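Here the structure comes first, spelled out in C-alpha cells, and everything after it is commentary.
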Amino acid sequence: MTKLFGTNGVRGVINQDMSAELALDVGRAIGTFMQGKVAIATDSRTSADMLRALVSGGMTSAGSSVVDLGMLPTPALQY
C-alpha cells in the first residue's frame, strides 16, 4: 500500500490494504481527533456496510457521536 487517504476518502483493497482492524483504528483516530458529532456515508460497494460499521464503532469508542447518512455521492457528503 502506498497511500491510504485519497482526495475523496480512504482508498485501498479490502482485506489487502484495509483490514477490519485498520478500519476500526482509523475510526478511533478520527473520533479522537473530531471529539463531537461526525457524519459518515458510503458508496455502493459491497464492502460499504462492513466498513461503515467498523469505522463508526471506532469513532463511537473514542467518544464521538456518529450520524450515519447512508449511501451518498461524495460531493453530497463534502457539502
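Taken together, the values in this text are just the output of simple stated rules run on the coordinates, not laboratory data. Everything quoted here is computed from the prediction, not taken from an experiment. Don't worry about glycine lacking a Cβ; one is built from the backbone with ideal geometry, like all the others, and counts go over all protein chains shown.
Please check the chain for the longest run free of trypsin sites (Lys or Arg not before Pro) that are loop-located per DSSP (anything but H, G, I, E, B) and have at most 11 other Cβ atoms within 10 Å. The longest such stretch corresponds to 4-44. Give me the log10 of I(q) over I(0) for the chain at q = 0.13, 0.23, 0.24 Å⁻¹, as the Debye formula computes it from C-alpha points; what are the numbers? Reported log10 I(q)/I(0), two decimals: -0.36, -1.18, -1.27.
Computed over the chain with a Gaussian network model linking Cα atoms closer than 10 Å, the most mobile of 44, 64, 19 is 44.
One chain, two ends: residue 17 and residue 39. Fully extended at 0.36 nm per residue, the span grows by 5.6 nm beyond their Cα-Cα distance. Residue order for 14, 30, fewest other beta carbons within 10 angstrom first, comes to 14, 30. Working note: 222 nm ellipticity from helices only, DSSP H runs with n ≥ 4, each -39,500 (n - 2.57), summed and divided by the residues of the chain, gives -13000 deg cm²/dmol to the nearest 500.
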